[in-house]
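A short write-up of the structure that comes next.
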Amino acid sequence: MRCGVFICHCGLNIGGVVDIPRVLEELAGYDSLEHVVDYKYFCSDRGQQLIKDAIRDKNLSCVVVAACSPSMHEATFRKTAESAGLNPFRCEMANIREQCTWPHRGEPEKATEKALEIIKASVEKVRRNQVLSPLSIPVTRQALVVGGGIAGMQAALDIADAGLKVALVERLPYIGGHMAQLSETFPTLDCSQCILTPKSSEVGAHPNIHLFTNSEIHSISGYVGNFNVTIRRKATYVNWELCNGCGLCMEKCPVKTDSDFERGLAKTKAISIAFPQAVPNRPVINEETCRHFTRGKCGVCEKVCPVGAIDFNQEDTFFDWKAGAVIVATGYDLHPKARVGEYGYGTIKDVIDGLEFERLNSASGPTQGEIRRPSDGKVPKEIVFIQCVGSRDEEKGYPYCSKICCMYTAKHARLYKHKVPDGQPYVFYMDIRAGGKGYEEFVQSAVEDEGVLYLRGRVSRVLEEDGKVVVFGVDTLSNKKVRIHADMVVLATAIVPAEGQRELARLLKISTDEWGFLSEAHPKLRPVESLTRGIYIAGCAQAPKDIPDSVTQAGSAAAKALALFSSDTLSHSPEVAVVDEELCTGCGLCIEVCAYDARTLDVQRKLAAVNEVLCEGCGACQVACPSGATSQRNMETSQVMSMIDAVI
């Protein structure tokens, strides 16, 4: 076996720690290696050409590239090897950066010894690698988008405009997400509905978009290019195909309840449309408040409906959808006020969150755009905005920054001054993080042009006293305690993952971080891909972000899906698990540990089988198998033992 080793300096990442000349010297005499060479950047065009030339000139049958992580450049170097006539699976990477030089920056001697051991182990492995061919997978050229906010809508439109079918699934009865609740958007102060409504209408009318509102993913199976999805549409108790949107049912309904869309600041009927511009613009009956369901009587809406659209016997319906790719854009929720004890546990009426202030400021909101206190309807003359409520708080909240709070608080303060010119807004902040085009100027304008008073410090407590909301804080710049008798307080509460996102992630078999945000495959190189091939992420489902970033990421996710659909077949790595039927006892332990549902059990034959397309080669089944029947291509037990021998 004629083997070559190529050692990359990776600039100073490796070359600045490992003694490369010593490594070259020791490897030159190691077990008849045919070719050992170093270069500053093997990932460069020149570096790749050196590898190609060596494979051809030295007639190499296997190669090891000692460089960075395989997740970074394994595909690069395998393509390089293949272009030189070598089977790509006879190319291995020895990770001497992330697993060697980075953790041993101050220990060059240890790093050099470790690099030698990693390279030798990789040489022993690649010498025993099989010649393999990629698996071929047919592709279903239509997509599924989960979440109908601005990110989900943008992704669906991009795919649909490319001429492909897409199912857009939204758990609420309308699309638009939280953007539909906003009054204006920063930094241009455009009307949110003026931007959103045309896009929502386009989604609702697009011939390539199948819109499933009031729906959720019931089940999903399959793999990249061939996902089988069951969508559950919850009963609305209104036949939308018959309903003409006349609104008579809502007008006559006698039951009033708090409006979720208005964040509890206004009432709505038991049968209602969330807001005037909603898409689809059709009513839904709330079975938790409707008298027909709670008391078994009423039925006024059914009696007055001129087209007979009310159907109290309507049940949930299920739809099957085949998708080649899935985009998850499930959005965000806000950290609940009830969990913030120092600010009243949500019991003080005039302490509201940012979305509640948006509704007060909206022309279609509960006060028709006038800023009025929820408690008594008076116009607040002094208002306090408190930032980082739950964010950047490791003790009581979350350690991360919610990213958009500095900007929307500045927006709120400016909009307040526009509508209450004689009012005084105060902003308690830790740091101002206004990173974006025109963002810093927007905040500066709030201070210099609008007279917003920024106080650098935390608020310790908020109390209700004599019709006022008393705010106890500190100004760290003047080193003085501050007490403000405000008329209203607005909390910039932390952005948290949408309700049910962890459960959805488990259903899709994609990972989340410790807080429940979806994890990307690589934060820099694969920011919209999940670790499960064919499933992409966009918007606040991944992390807090503003509208421009959400739209940008949605477009990127859509582009990834369209790239997937660019051919009729996909290739899949053949380095997957296999079963030796003579050793398998059919115990089923491998099936229990498989995270990808790639294992099945033939009960009659008492044998385990592997769906090679679903298998991701994680090795969990190989570890669990008590009889040694399971192995993994190019990671056989004999290979592992030879790697250990090379090290010890």
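Rounded to a whole number, what % of the accessible area of the stretch 569-648 do carbon and sulfur atoms account for, probe 1.4 Å? It would help to have the intermediate numbers written out before the result.
Details: 2360 of 4350 Å².
Looking at the stretch 569-648 in its full context, I get 54 percent from C and S.
Excluding SER375 itself, calculate the net charge of residues whose Cβ lies under 12 Å from the Cβ of SER375, where each Lys or Arg counts +1 and each Asp or Glu counts -1. Net of charged neighbours comes to +1. In summary, the lysines within cross-link reach of LYS303, defined as a Cα separation below 22 angstrom excluding same-chain residues under 8 places away, comprise LYS252, LYS256, LYS269.
Sorted largest first by accessible area at a 1.4 angstrom probe radius, with every protein chain in place, the residues THR330, THR552 fall in the order THR552, THR330. Once both labels are positioned 7 Å from their Cα atoms along Cα-to-Cβ, the gap between ARG339 and LYS267 label points is 3.2 nm. Hydrodynamic radius of the stretch 284-351 by the Kirkwood approach over all distinct alpha-carbon pairs: 17.3 Å. Cα-based values for the stretch 1-84, radius of gyration first and Dmax second, are 12.2, 32 Å.
In angstrom, the C-alpha Rg and Dmax of the stretch 347-478 are 14.7, 43. For LEU116, LEU601, the ranking by accessible surface with the largest value first comes to LEU601, LEU116, using a 1.4 Å probe.
Summed over the residues of the stretch 554-641 and divided among them, the accessible surface reaches 51 Å² per residue at a probe radius of 1.4 Å. Under the simplified labelling scheme, the CYS194-LYS110 pair shows an inter-label distance of 6.2 nm, with each label point 7 Å from Cα along Cα→Cβ.
If r is the Cβ-Cβ distance from VAL603 to ASP513 and R0 is 35 Å, what FRET efficiency results, to the nearest 0.05?
0.35
Going by accessible surface with a 1.4 Å probe and the largest first, GLU202, GLU98, GLU82, GLU358 read GLU82, GLU202, GLU98, GLU358.
Charged neighbours of VAL304, selected by a Cβ distance under 13 Å, balance to +1 (K, R count +1; D, E count -1).
Considering only TYR426, SER219, SER133, the residue lying farthest towards the positive end of the dipole of the chain is TYR426, judged by Cα position with unit charges set on Cβ. Taking one quarter of the surface of the C-alpha convex hull of the stretch 152-233 gives a mean projected area of 6.3 nm². Pair-distance distribution P(r) for the stretch 542-633, from all Cα-Cα distances in 10 Å bins starting at 0: 16, 33, 19, 19, 11, 2 percent.
Think of the chain as having a plus end and a minus end, set by charges on the Cβ of Lys, Arg, Asp and Glu; of PHE89, PRO336, PRO276, PRO276 sits farthest toward the positive end of this dipole. Return the whole-Å distance between the Cα centroid of the stretch 133-147 and the Cα centroid of the stretch 605-638. Each part reduced to its Cα centre gives a spacing of 24 Å.
Counting helices only, and only those DSSP H runs with n ≥ 4, report the 222 nm mean residue ellipticity of the chain as the sum of -39,500 (n - 2.57) divided by its residues, in deg cm²/dmol to the nearest 500.
On the way: 18 runs with 180 residues, N = 648.
The helix contribution divided over the chain gives -8000 deg cm²/dmol.
Using alpha carbon coordinates only, what is the Rg to Rh ratio of the stretch 319-410, with Rh defined as the Kirkwood radius? With Rh from the inverse mean 1/r over Cα pairs, Rg/Rh is 1.10. For the chain, the calculated P(r) over all alpha carbon pairs, in 10 Å bins from 0 to the bin holding the longest distance, is 3, 13, 19, 20, 18, 13, 9, 4, 1, 0 percent. Once the mean of 1/r is taken over each pair of separate Cα atoms and inverted, the stretch 208-366 shows a Kirkwood hydrodynamic radius of 18.4 Å.
Where Rh denotes the Kirkwood radius from the mean inverse Cα pair distance, what is Rg over Rh for the stretch 1-160?
Working: Rg = 19.4 Å, Rh = 17.2 Å.
The Rg/Rh ratio comes out at 1.13.
Only protein heavy atoms count here; on that basis, with a 1.4 Å probe, SER627 has an accessible area of about 40 Å².
Taken about its Cα centre, the stretch 290-429 carries a charge dipole of about 440 debye when Lys and Arg each add +1 at the Cβ and Asp and Glu each add -1 at the Cβ. Give the accessible area for LYS349 in Å² (nearest 10); use a 1.4 Å probe, count only protein heavy atoms, and leave out ligands, DNA and RNA. Surface accessible to solvent at LYS349 totals approximately 140 Å². Among the listed pairs LYS267/LYS509; LYS337/LYS524; LYS199/LYS417; LYS110/LYS545; LYS234/LYS524, those whose Cα-Cα separation exceeds 32 Å are LYS267/LYS509; LYS337/LYS524; LYS110/LYS545; LYS234/LYS524.
For LYS481, what charge total do you get from the other residues with a beta carbon under 15 Å from its beta carbon, if Lys and Arg give +1 and Asp and Glu give -1? Working shown, then result.
Values: positive: ARG456, ARG458, ARG461, LYS480, ARG483; negative: ASP475.
The answer is +4.
Applying a DSSP loop filter and a limit of 13 other Cβ atoms within 10 Å to the trypsin sites (Lys or Arg not before Pro) in the stretch 229-313 leaves ARG295, LYS297.
Modelled spin labels at SER478 and ALA75, positioned 7 Å past Cα toward Cβ, are 5.7 nm from each other.
Using 0.36 nm per residue, how much length does the chain from LEU132 to LEU583 gain when fully extended, once their Cα-Cα distance is taken away?
Values: separation 451, 0.36 × 451 = 162.36 nm, distance 2.34 nm.
Stretched fully, the LEU132-LEU583 segment lengthens by 160.0 nm.
Of all DSSP-defined beta bridges confined to the chain, some 50% are antiparallel rather than parallel. Distance from the Cα centroid of the stretch 185-219 to that of the stretch 223-268 is 15 Å (rounded to whole angstrom).
The values are calculated or read from the model by the stated rules, or taken from the named source; none is laboratory data. Values in this document were obtained by computation on a predicted structure and should not be read as measured data. Positions of Cβ are generated from backbone atoms using ideal geometry, with glycine treated the same way; all protein chains shown enter the neighbour counts. Only protein heavy atoms, including side chains, enter the accessible area calculation; ligands, DNA and RNA are left aside. Shrake-Rupley method; radii C 1.70, N 1.55, O 1.52, S 1.80 Å.
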